[in-house]
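In what follows, a single structure is set out as structure tokens and then discussed.
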Amino acid sequence: MSSKIDSENSRLDDAARAGWLYYVAGNTQDEIARKLGVSRQSAQRLVSLAVSERLVKVRLDHPIAHCMELSARLKDAFDLKICEIVPSDPDAPSSIIGTAHAGASEMERHLKSRHPKIIAIGTGRALRACVEQLSPMDCPQHSIVSLLGNMMSDGSATAYNVVIRMAERVNAKHYPMPLPVYARSEEEKRILHNQEPVHNILELIRQADVTFVGIGNMDATAPLLVDGFLTRDDIRAFDRAGAAGEITSWVYDRQGRVIEGLSNDRVNSAPLVVDSPNPVIGIAAGEVKVKAIRAAMEGKLINGLITNEHTAEQLLKE
């Protein structure tokens with residue numbers, strides 16, 4: 001009896017993987033057959049089974065056993081409140097397609113609340129992808145507030161700011177932070193933060209019911225470097241200081257401790273909170289992000305994680 005149940009669960013797991021590859025990752029049935037090691041006819045049957053068993057709607061709706069196991073282990077290892085692991089595309093283990101769907105689902109769970117909520121949100125490619133997956137909603141009861149400035153030093157808009165886009169999709173009041181990501185000096189930072197609108201935004205952030213952040217790596221492909229906020233010399237200086245990653249432009253070390261000095265002195269973002277009583281959910285995937293994600297969990301800068309199974313497996317390695 002147990003063997004029969006295990007066989008059925010395995011069959012549904014295969015169907016769920018096939019459904020995810022087809023409906024979420026956009027693979028053809030030939031590609032699915034190759035990735036799962038089955039015939040094209042079997043791949044077609046697995047996709048059909050995913051639909052007939054209602055495992056697939058618009059998003060994958062089946063808790064794949066391995067993903068659930070990884071989620072439980074990460075929760076236990078890093079004392080996480082929330083951990084969602086999505087399947088990985090074997091050919092694109094760093095893809096954020098699946099994490100974007102899962103991130104959108106988690107955002108929608110909070111947005112559907114009838115009680116007013118303050119939702120704080122960072123910026124970056126992963127969060128932008130999540131927001132693009134949000135269903136149109138009408139949420140005038142909620143407030144969406146940005147954790148960091150939405151301008152480059154020359155006054156132009158940053159490329160991956162998401163607060164305005166999110167507010168447009170869900171019709172919520174929003175509070176973009178009208179500041180450059182970095183001040184030119186510590187004194188300028190103090191002046192900017194003492195402005196009444198900025199002070200009000202920082203107070204809203206302190207009251208946030210849930211926070212969503214991206215997690216950046218600090219190497220030659222660092223988003224802060226690629227997007228023009230830091231120079232290669234800045235990256236090298238942080239590397240010498242033991243940098244592991246960054247959240248909302250705050251750079252931290254392998255223990256998740258914010259590094260003192262360097263450009264951290266000029267960051268206009270809201271301060272990172274250690275061991276927040278409310279959910280702070282990091283959304284990131286890819287091998288290049290592993291060190292940054294692990295450090296953020298070690299330092300309790302985040303207490304929730306949405307990632308894919310390949311990244312989760314790397315996070316659990318010694």
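The values are calculated or read from the model by the stated rules, or taken from the named source; none is laboratory data. No experiment lies behind these values; they were computed from the predicted model shown. Virtual Cβ from ideal backbone geometry, glycine too; neighbours counted across all protein chains shown. These area figures cover heavy atoms from the full protein model, side chains too; ligands, DNA and RNA do not enter into them. Shrake-Rupley method; radii C 1.70, N 1.55, O 1.52, S 1.80 Å.
Here residue 109 meets each of (1) open to solvent by 10 Å² or more (accessible area, probe 1.4 Å); (2) assigned to a helix (DSSP H, G or I); (3) in contact with a helix residue (DSSP H, G or I) (Cβ under 9 Å, 6 or more places away or on another chain) with one exception, condition (3). Kindly indicate whether residue 33 is among the hydrophobic types (A, V, I, L, M, F, W, C), modelled with pLDDT of 90 or more and open to solvent by less than 30 Å² (accessible area, probe 1.4 Å). In short, yes. Considering the conditions (1) open to solvent by less than 50 Å² (accessible area, probe 1.4 Å); (2) free of Cβ contacts under 8 Å to residues at least 24 places away in the same chain, residue 172 is excluded by exactly one of them, (2). Out of (1) under 19 Å from the mean Cα position of the chain (by Cα); (2) open to solvent by less than 50 Å² (accessible area, probe 1.4 Å), what's the single condition that is false for residue 221? All conditions pass for residue 221, except number (2).
Scanning the range 68-84 for residues that are modelled with pLDDT of 90 or more and either farther than 18 Å from residue 311 by Cα or hydrophobic (A, V, I, L, M, F, W, C) (or both) returns 70, 72, 74, 77, 78, 80, 81, 82, 83. Annotation: of all residues in the range 155-188 being β-branched (Val, Ile, Thr) and in contact with a Gly (Cβ under 9 Å, 6 or more places away or on another chain), the one that is modelled with the highest pLDDT is 181. Just one of the listed residues (296, 285, 312, 270) is in contact (Cβ under 8 Å) with a residue 24 or more places away in the chain and out of contact with any helix residue (DSSP H, G or I) (no Cβ under 9 Å at 6 or more places or on another chain), and it is 296.
All conditions in (1) surrounded by fewer than 22 Cβ atoms within 10 Å (Cβ to Cβ); (2) within 17 Å of the chain's Cα centre (by Cα); (3) more than 30 Å from residue 204 (Cα to Cα) hold for residue 38, with the sole exception of (2).
Taking every residue in the range 222-248 that is without any contact (Cβ under 8 Å) to a residue 24 or more places away in the chain and pairing it with any residue that is exposed (fewer than 15 other Cβ atoms within 10 Å of the Cβ), at least 6 positions away or on another chain, the pairs with Cβ-Cβ distances below 7 Å are 225/232. Look at the range 13-35: where a residue is in a helix (DSSP H, G or I) and a partner is of a type in the set (Ser, Thr, Tyr) and open to solvent by 70 Å² or more (accessible area, probe 1.4 Å), sitting 6+ places away or on another chain with Cβ atoms under 7 Å, you get 32/22.
Applying a threshold of 9 Å to beta carbon distances and a minimum spacing of six or more residues, or different chains, the list of pairs starting in the range 194-213 at a residue that is buried (at least 16 other Cβ atoms within 10 Å of the Cβ) and ending at one that is among the basic types (Lys, Arg) and at pLDDT 95 or above reads 208/117; 209/117; 210/117.
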